[in-house]
Every structure is written in structure tokens, then in C-alpha cells.
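To start, the structure itself, in C-alpha cells.
Every number here is computed from the coordinates shown, using simple stated rules; none is lab data. These figures come from a predicted structure and were not determined experimentally. Cβ sites come from the backbone with ideal geometry, for glycine too, and all protein chains shown count toward neighbours.
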Amino acid sequence: MRLLSRSIHLAAAVLSVLACTRIPAQQNPDWTTPLTPFRIAPNLYYVGSRDLASYLITTPAGDILINSNLASSPPQIRHSVEQLGFHFSDIKILLISHAHFDHAAGSAAILQQTHARYMVMDADVSTIETGGRTDFAHFTTFPPTRVDRILHDGSTVQLGGITLTAHKTAGHTPGCTTWTMQVIEDGKPLNVVIVGSVTALSEYRLVATPGHPASYPGIAQDFAHTFDVLNALPCDIFLSSHGSYFDLLSKLARMKAEGSSVWIDSAGYKRAIAQSRVDFEADLARQQTAAAHLHS
Ligand SMILES: [Zn+2]
């Protein structure tokens, strides 16, 4: 009887997963390929996969994890944390870069295992708490997860002497968050910037046309403001939610010979932001031209 009810539960779980999950047609294999975890700077470690970045910040009062990644990622992240000699249960606070399934779907499992507090930027809270069902792009859904603290632009997260600042860098999602903190390396303070994302995906509507509203009201203005915010942030250590955005793999290959100074890349940060702005402005111009043709 117990076996039967268990298999009924299992079947229901499988069905609900099948019903709610739109698996992306081509998922980058680097999203699920493990990477040996490593130290980026004092108290700051990389515990993600070859492309989906996850960061562990350790403090004497417990640890902070940024990004839970895919629903399948928590065992990989946990293994990485333990390989570094830390305890998964020491994670007291869970943060994300933005409310998409490739950065936040693992949150439910991680919260269950760690009892951490989940802190999310205001405009992404509904997407997180509905498991992606209110996301304007209707991406792959994930387990709905309760948020313990709602963050706002400029909110700080403090634990054991470490302060992280949440910068709302909206556009990619309405509550997309860029995290900053300072680390002291060899007595020198270094500014860390973890870019949330600045990509306008191909299906995003930056311009409203009759009968076709923008992806969300103000999306184009949000992106433009985000580039201004990012340009103004002092950056020594350049990181992001995807490794490819800050050349993770090539920098990691150089780290063996050059040490952790490979992560100091303020020129690379400026270049990446400038290139993303050019890409965004080209997309915007293309959509504005198409909208103008509709009117003529
Ligand atoms: Zn995303």
C-alpha cells in the first residue's frame, strides 16, 4: 500500500514536471558541465558550472550563495561547496542575479537543504513566487519559492562583516540585480561587480506597436538606465551570472600561471558593457524602424 501510494506520488510529480516545464530546445552543455570550484578573492569562491555562475561568499557568521541555477544544479553546487571544505548548511542567505530558470530554479531545493533566507529584488519577486508563471517572456517554469526579504534598488545584505549591495539593473528582467561588494586583497580594497545580465533576448519587444505592447512597460528605458548604472560602478573584479560574459574559461586557464589577478579586469568590464550597449541600441533601432514602417 505504501509502495503504491509512493508510486502514485512519483507519477504525479513526473506529470506535473512534464506539464509545467518547457525544456529549452538547445541547452548549452556548459550549463551542466561541472567545473572544479576555486577561490576568486578572499572570501569569494566560484561554485557554479562551466557557464552558469554561482558564487559563495564566506563569513564568520555563515555564508551567502548567489544563484541556485537550474533545477538540476543544487547537487553540483553542493559538491563544489564541499570540495572547497565548506558546509552547505552554513549558507544563511540565498541571492540571485535574476528570476530566470537558469539562475533561480534550484532555489527551492537549496532553501530546503540549508534553511537560508531568500532575498530577491522587488520587481522579480512575483516571478520567483509563481515559479516563472508571471514572467513576461514565459520562460521555463520552476518550483515556486517563497521570498523572505524583498530587496529594493540600493538595498544592502549584511552578514559577518560582509556587505553586498543590490543594484537594480532592469531590462533583462524587471528586477534583474547586479551585486557589488568589496574585498581586501594584499591590503588593497578591490571592487567586485557581478553583472545580473544586460541581454535583450530575441523575443523581447522593446517598442510597443498597436496591438503589440512592449514586453513590459518601460523595458527600453530600463535597459538604457541599466547601462548608465553599470558604467558608473567602479569595477576591479568583473563577474557575471554567465561565465561566457566575463571570459571565465580563458581567465581560469591563465590563473594557473598568473594567479587570482586574472579576475581583475576593469578594462574587460568596460568593454563588455560598451558592447552590450551597442547590441541593445542596434536591437532597439531595428524594432523602432519596423514600428515606423507599420505606421507609414
Ligand atoms: Zn536570464
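Some notes on this structure:
- When each of 92/251; 188/251; 168/256; 92/256 is checked by Cα-Cα distance, pairs over 28 Å: 92/251; 168/256; 92/256
- Only helical runs count toward this figure. For the chain, summing -39,500 (n - 2.57) over DSSP H runs of n ≥ 4 and dividing by all residues gives -10500 deg cm²/dmol at 222 nm.
- Packing rank of 223-234, 247-258, 95-106, where each peptide gets the mean count of other beta carbons within 10 Å, highest leading: 95-106, 223-234, 247-258
- With a cut-off of 15 Å between beta carbons, the residues surrounding residue 78 carry a summed charge of -3, where Lys and Arg count +1 and Asp and Glu -1.
- Relative intensity of region 172-296 on a log10 scale, I(q)/I(0) at q = 0.16 Å⁻¹, equals -0.81, per a Debye sum over C-alpha point scatterers of equal strength in the absence of solvent.
- Taking N as the residue count of region 81-184, its C-alpha radius of gyration divided by 2.2 N^0.38 Å amounts to 1.07.
- With R₀ fixed at 30 Å, the C-beta to C-beta distance from residue 266 to residue 129 puts the FRET efficiency at about 0.25.
- Dividing the mean sequence gap of close Cα pairs (under 8 Å, 6+ apart) by how many residues region 31-295 holds gives a relative contact order of 14 percent.
- Each Lys or Arg adds one and each Asp or Glu subtracts one; over the other residues with Cβ under 13 Å from the Cβ of residue 225, this totals -1.
- Directionally averaged projected area (convex hull, Cα atoms, the chain), nm²: 17.3
- Net length gained if the chain between residue 244 and residue 278 were fully extended (0.36 nm per residue, minus Cα distance): 10.5 nm
- The label point for residue 153 and the one for residue 212, both projected 7 Å from the Cα toward the Cβ, are 2.9 nm apart.
- Using the Cβ of residue 277 as centre and a radius below 14 Å, the other residues enclosed give a net charge of -3, where K and R count +1 and D and E count -1.
- Full-extension gain in nm, residue 293 to residue 138, via 0.36 nm per residue minus C-alpha separation: 53.0 nm
- For the chain, size of Cβ-based charge dipole, Lys and Arg +1, Asp and Glu -1, in debye: 600
- Taking label points 7 Å from Cα along the Cα-to-Cβ direction, residue 27 and residue 182 give a separation of 4.0 nm.
- When both bridge partners sit in region 31-295, DSSP labels roughly 70% of those beta bridges antiparallel.
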